[in-house]
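Enquirer: Once you've had a glance at the structure underneath, I'll fire off some questions.
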Amino acid sequence: MKKQSPYPAKFWPALIIFSLTGQVAWVVENMYFNVFIYKMFHASAAAISLMVAASAIAATLTTVFIGALSDKVGKRKVFMVAGYILWGLSIIAFAFIRTDVILTLFPSLNAAPGTAGAVAAATASAASVGVTLTIIMDCVMTFFGSSANDAAFNAWLTDATDNGGRGAAEGVNAMMPLIAILVVFGGFMSFDLNLQESWVRIFMIIGAAVLVIGVLGIFLITETGTRKEENAHYFANIVYGFRPSIVSANRLLYLTLFAFIIFNISIQIFMPYLLLYYDVALGMHNYVVIFAPAILVAAIVTAFVGRWYDRKGFRGSVYLAVGMLMVGYVLLYFCRATVPVFIGSLFMMSGYLSGMAVFGAMIRDYTPHGKAGMFQGLRIFAQVLIPGVIGPSIGAWILRNAATVVNDDGTSSFIPNEKIFLGAFLAAAVLVAVVWYELRALAKKQA
């Protein structure tokens, strides 16, 4: 029986600090960048969709290739430390993406003095440049963030817990996304997101925190990289999960991944526009009061669903998760008042988090033994890349004729509407059909 090795004294502080800080940065990117380019540059739904898709592509390629590179060189610490420092600097750079800076850097955008509509024209031109710069910098930031966190940190955590006690470490790590959401929502709820100076402070605070953590990593992180000679053929490992022979030999795994893709497409149809829907369409400017408690309760529900999966398996838990998700969609589509919107958000978040847990467990159960690392690229394709491109595009198409509001500077912005939840519901209905087919295949295998 393998004896569990005690963790070094610096392990737990390193795990908590790096995991939480990384998740806080991802929350700002995933939930607040959409609000940033909408409020500061009046971005369209198509522009938001493009930003999410570009970021998903950048995250996927970065995680696959930098993760393989860290295996190749047998080092994790250098990627984590350098990555977090550069990640922090790239977040700080967003503080300088604002109209006054853009007009200073690009004086040609200013219309000639005295020209009718000169101010409005200059503002619209600066807004267009601001959207473009935000999308480009989002990809740059995602490259550094995925290198540091998705690729290096997660590989380091796997290496560091290889000798036992992985469950305890994973339990702490799994809590961090929820804690990060509460930290960000709670920390920024007093900021007026309609003001430019609020965004400057947000980016400066988060960027500085990530940068400092990168520097602390020099002293906190103990190198636990793999031996280089064991990973000499890392390009072959990257494409391992895409080979037709592997697909044929692991049919249930790939059916689960296909269902997981549809699940995440359903989520991505509405998620990029969710906070804007609360704020602009419903006028619930203090949406933290709705979202944060819903996340807390959803986390508890997810814990019970996870136990239910252990007892009843995929068949007994997947319909429960998808059912809660669809009930949430229905309530959010039909309801406008605060209480029913909270209930709808609670069902939606419970279904979302439970679905992630159920599909994640099923994927782990059917991943070939000893091949987990080779399938990580395939998993991020299913979780991030394909849904991140297709889902927001569907959402943008649904909102193509959405009502608009005229801003104080003469420009206009779209108003997200409840139809995004109808689109998400229809995608979830397709998911039910795919899951039914998968369960039939599972029953035949077990017969």
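Enquirer: Given labels modelled 7 Å from the Cα in the Cβ direction, how far is it in nm from Val101 to Asn30?
Expert: Spacing of the two 7 Å Cα→Cβ label points: 2.6 nm.
Enquirer: So, with +1 on the Cβ of K and R and -1 on the Cβ of D and E, and no other charges, what is the size of the charge dipole of region 239-447 about its Cα centre, to the nearest 20 debye? Provide the component values of the computation, followed by the final result.
Expert: Working: 15 positive and 7 negative charges, 226 e Å.
Its charge dipole is roughly 1080 debye.
Enquirer: In region 239-447, what is the count of Lys pairs whose alpha carbons are under 26 Å apart, counting only pairs at least 8 residues apart or on separate chains?
Expert: Values: Lys312/Lys371; Lys312/Lys444; Lys312/Lys445; Lys371/Lys444; Lys371/Lys445.
Lysine pairs satisfying the spacing and distance rule in region 239-447 number 5.
Enquirer: Here's a follow-up. Expected output is a single nm value to one decimal: the length gained when fully extending between Ile17 and Ala93, i.e. 0.36 nm times separation in residues minus the C-alpha distance. What is it?
Expert: 25.1 nm
Enquirer: Please list, ordered by chain and number, the residues whose modelled amide H lies under 5 Å from the amide H of Arg76; skip anything fewer than 5 residues away on the same chain.
Expert: Close amide H contacts, sequence-distant or interchain: Thr224, Gly225.
Enquirer: For the ranges 82-92, 125-135, what's the packing order if you count other beta-carbon atoms within 10 Å of each residue, average per peptide, and put the highest first? Could you put the intermediate results ahead of the total?
Expert: Working: 82-92: 22.9, 125-135: 19.3.
Result, highest mean first: 82-92, 125-135.
Enquirer: Grab the beta carbon distance between Ala208 and Arg440, set R0 = 51 Å, and tell me the FRET efficiency rounded to 0.05.
Expert: Details: r = 53 Å, r/R0 = 1.04.
The value I calculate is 0.45.
Enquirer: Right, next: Compute the distance in nm between two label points, each set 7 Å from the Cα along the Cα-to-Cβ direction, one at Lys72 and one at Lys419.
Expert: Once both label points are built, they end up 4.7 nm from each other.
Enquirer: Under the rule of at least 5 residues apart or a separate chain, name every residue whose amide H is placed under 5 Å from the amide H of Ser412.
Expert: Asn407
Enquirer: In addition: What full-extension length gain, to one decimal in nm, is calculated for Val339 and Phe191 as 0.36 nm per residue of separation minus the Cα-Cα distance? Don't skip to the end; give the middle numbers.
Expert: On the way: separation 148, 0.36 × 148 = 53.28 nm, distance 2.41 nm.
Taking Val339 through Phe191 to full extension adds about 50.9 nm, to one decimal.
Enquirer: Provide the FRET efficiency to the nearest 0.05 for the His285-Arg243 pair, computing r from the beta carbons and using R0 = 51 Å.
Expert: Numbers: r = 51 Å, r/R0 = 1.00.
For His285 and Arg243, the calculated efficiency is 0.50.
Enquirer: With n ≥ 4 as the cut-off for DSSP H runs, can you work out [θ] at 222 nm for the chain, using -39500 (n - 2.57) per run divided by the number of residues, rounded to the nearest 500? List each step's numbers first, then the result.
Expert: Working: 17 runs with 315 residues, N = 447.
That comes out to -24000 deg cm²/dmol.
A short reminder: the numbers here are calculations on the coordinates, not readings from a lab. Just so you know, these numbers come straight off a predicted model, no measurement behind them. Neighbour counts are summed over all protein chains in view; Cβ atoms, including those assigned to glycine, are modelled from backbone coordinates with ideal geometry.
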